[in-house]
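In what follows, a single structure is set out as structure tokens and then discussed.
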């Protein structure tokens, strides 16, 4: 018959409470989770770097298969066509304000000015693009956009200061209508 010793170290050690044990377990899980997160972030950065280096050009047949047979056709939408569409839409909105707003004079003029705030800077930008023709760089586009935004802000400020009979609702509505021409041109491609 074997006698079992009851004098093991675990019998003599004080028992840990359940709360202390849970806290230690949670701390060890948090430490392992943060190290896993660091490894995952490092792995994701490496994947992004690898993806940047793995650029594969499409052949003409692959591009036509993905995007359709008109993939190599140049766009029918030019900056001048967008400006022309903005002018037509703003003149149409001006006519509508003239017909349906009472009194029509200030509302129609405000609507026309709202459309002009959109298409005048766009025309300046299109003329700048035409002048640069083949020398487009990111910086020239940024400068063109900055000039366009500056002209837009300057026109708003000039109208606010010098045209005291301005009707802001027709001006802003027509401006927004003309501004949405870009989306129409994008869909028209």
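In the range 103-114, the condition of being out of contact with any helix residue (DSSP H, G or I) (no Cβ under 6 Å at 6 or more places or on another chain), assigned by TED's automatic domain parsing to the domain that holds residue 146, surrounded by fewer than 14 Cβ atoms within 10 Å (Cβ to Cβ) and on the phi < 0 side of the Ramachandran plot is met by at least one residue. Residue 165 falls short on exactly one of the conditions (1) farther than 16 Å from residue 182 by Cα; (2) part of a helix (DSSP H, G or I); (3) in the same structural domain as residue 183 (by TED's automatic domain parsing), and that condition is (2). Here residue 148 does not fit the description of being in the same structural domain as residue 86 (by TED's automatic domain parsing) and either part of a loop (DSSP other than H, G, I, E, B) or out of contact with any helix residue (DSSP H, G or I) (no Cβ under 7 Å at 6 or more places or on another chain) (or both). The single condition among (1) in a loop (DSSP other than H, G, I, E, B); (2) within 19 Å of residue 187 (Cβ to Cβ) that residue 83 does not satisfy is (1). If we scan the range 118-132, do we find a residue that is in a helix (DSSP H, G or I), assigned by TED's automatic domain parsing to the domain that holds residue 165 and exposed (fewer than 12 other Cβ atoms within 10 Å of the Cβ)? So far as the range 118-132 goes, yes, one or more of its residues are in a helix (DSSP H, G or I), assigned by TED's automatic domain parsing to the domain that holds residue 165 and exposed (fewer than 12 other Cβ atoms within 10 Å of the Cβ). Scoring residue 146 on the criteria (1) surrounded by fewer than 13 Cβ atoms within 10 Å (Cβ to Cβ); (2) closer than 25 Å to residue 98 by Cβ; (3) without any contact (Cβ under 8 Å) to a residue 40 or more places away in the chain leaves a single failure, condition (2).
The values are calculated or read from the model by the stated rules, or taken from the named source; none is laboratory data. Note that the structure is predicted; figures quoted are calculated from it, not measured. Every residue, glycine among them, receives a Cβ derived from its backbone with ideal geometry; neighbour counts consider all protein chains shown.
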